[in-house]
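Notes follow once the structure below has been shown.
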Amino acid sequence: MNNQVNQLKLADGQSMPQEGFGLYKITDQATITSSIKYAYDAGYRLFDTAQLYKNEAEVGTALKELGLPRQDLFITTKVSEPNQGFKQTIASVKDSLHKLKLDYVNLLLIHWPIERAFFDTWAAFEELKKQGLTRSIGVSNYQMIHLQYLATQAHEMPVVNQVELHPRLNQKPLIKFDRKHGIVTQACSPLGRGTILNNEVLKKIATAHHKSPAQVVLRWHLQNGVAFIPKSVHEARIKQNINIYDFTLSDQEMAAIDALHDFTRVSKEPALVYEYNLKY
Ligand code: A2P
């Protein structure tokens, strides 16, 4: 199953699975362990956590208990707003690694851009990469303006930008910008946290392919060439969400899903988080 997930080449030479598994809002040990087991068995190799999710220790315990081979895994974590700043970032990432029981993560992301520590946090990321504590460095929730601003002082640019991305917020201009600058766009909340799955257009396309609306949305992400990390705690859905490699959406179907864009966010507005220096 695993070989069905494409590997994307990052600008720093590392590879990242195009499809991964999101661990947002899963906190109890039993559910974390069972979800990671279902996901690994189904073929997921990328596991995405964050300091904010308060589950790094549980994820670390699950990876250990399940005995998953480190070299097969692609682990992402993200630095939260209160931990931003040069020294705080370095210390907090060491703490994350301790909780995750890992020597390094594959990808470290700044969770949200904030004005207070905009360049210092990135300088810490460059340092952490030099020290081998992360293989790749990237950002999350960065808009074009944040990436352009970062470029004025960065020694190296992010290789991944993880943003809210689903049919109701399709981020076309940002995807284009990221691609032009060698940055892989990774969709978080790729299913709009489940809020879009009752949509009639999606249901009709799903019926035509004998698939579910969630599978149609994930296939749309795949054909758009972005990375994506659906989250579920249910075995059947975890399996379903990776069973998307045996059908193709037509150009008309892709366009019909593109047309669902209506600027609806399920998470926060990055420009405001930047201004408030916290996820409000
Ligand atoms: P659950 O964890 O109970 O399965 P996103 O990945 O956009 O954050 O969306 C995650 C939400 O969508 C969760 O509430 C999850 O619920 C739900 N979900 C995930 N996969 C499916 C699926 N295949 N069908 C229906 N709902 C799903």
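Miscellaneous remarks
- Some residue of the range 243-260 being of a type in the set (A, V, I, L, M) and in contact with a Gly (Cβ under 7 Å, 6 or more places away or on another chain): no
- Residue tally, condition in contact (Cβ under 8 Å) with a residue 12 or more places away in the chain and outside any helix (DSSP H, G or I), over the range 44-68: 10
- The range 167-280 holds no helices (runs of 4 or more DSSP H) entirely within its bounds that carry 2 or more residues that are open to solvent by 20 Å² or more (accessible area, probe 1.4 Å), near the ligand (Cβ under 10 Å from one of its atoms) and acidic (D, E).
- Close pairs from the range 12-31: first in a helix (DSSP H, G or I), partner within 14 Å of the ligand (Cβ to nearest atom), Cβ under 6 Å, at least 6 apart: T31/V233
- Within the range 82-100, tally of residues that are open to solvent by less than 50 Å² (accessible area, probe 1.4 Å), in a helix (DSSP H, G or I) and in contact with a strand residue (DSSP E or B) (Cβ under 9 Å, 6 or more places away or on another chain): 6
- Residue check, F118 farther than 19 Å from S15 by Cα and open to solvent by 10 Å² or more (accessible area, probe 1.4 Å): no
- Being in a helix (DSSP H, G or I), of a type outside the set (V, I, T) and modelled with pLDDT of 95 or more is a description that applies to L150.
- Only one entry of Q51, Q14 meets the criterion of being open to solvent by 50 Å² or more (accessible area, probe 1.4 Å) and either closer than 17 Å to I137 by Cα or small (G, A, S) (or both), and that entry is Q14.
- Scanning the range 128-166 for residues that are out of contact with any strand residue (DSSP E or B) (no Cβ under 9 Å at 6 or more places or on another chain), on the phi < 0 side of the Ramachandran plot and open to solvent by less than 60 Å² (accessible area, probe 1.4 Å) yields A151, A154.
The values are calculated or read from the model by the stated rules, or taken from the named source; none is laboratory data. These figures come from a predicted structure and were not determined experimentally. Heads up, the Cβs are rebuilt from the backbone with ideal geometry, glycines too, and the neighbour counts pull from every protein chain shown. Ligands, DNA and RNA are stripped out before the accessible areas are found, and what is left, the full protein with its side chains, is counted by its heavy atoms. Shrake-Rupley method; radii C 1.70, N 1.55, O 1.52, S 1.80 Å.
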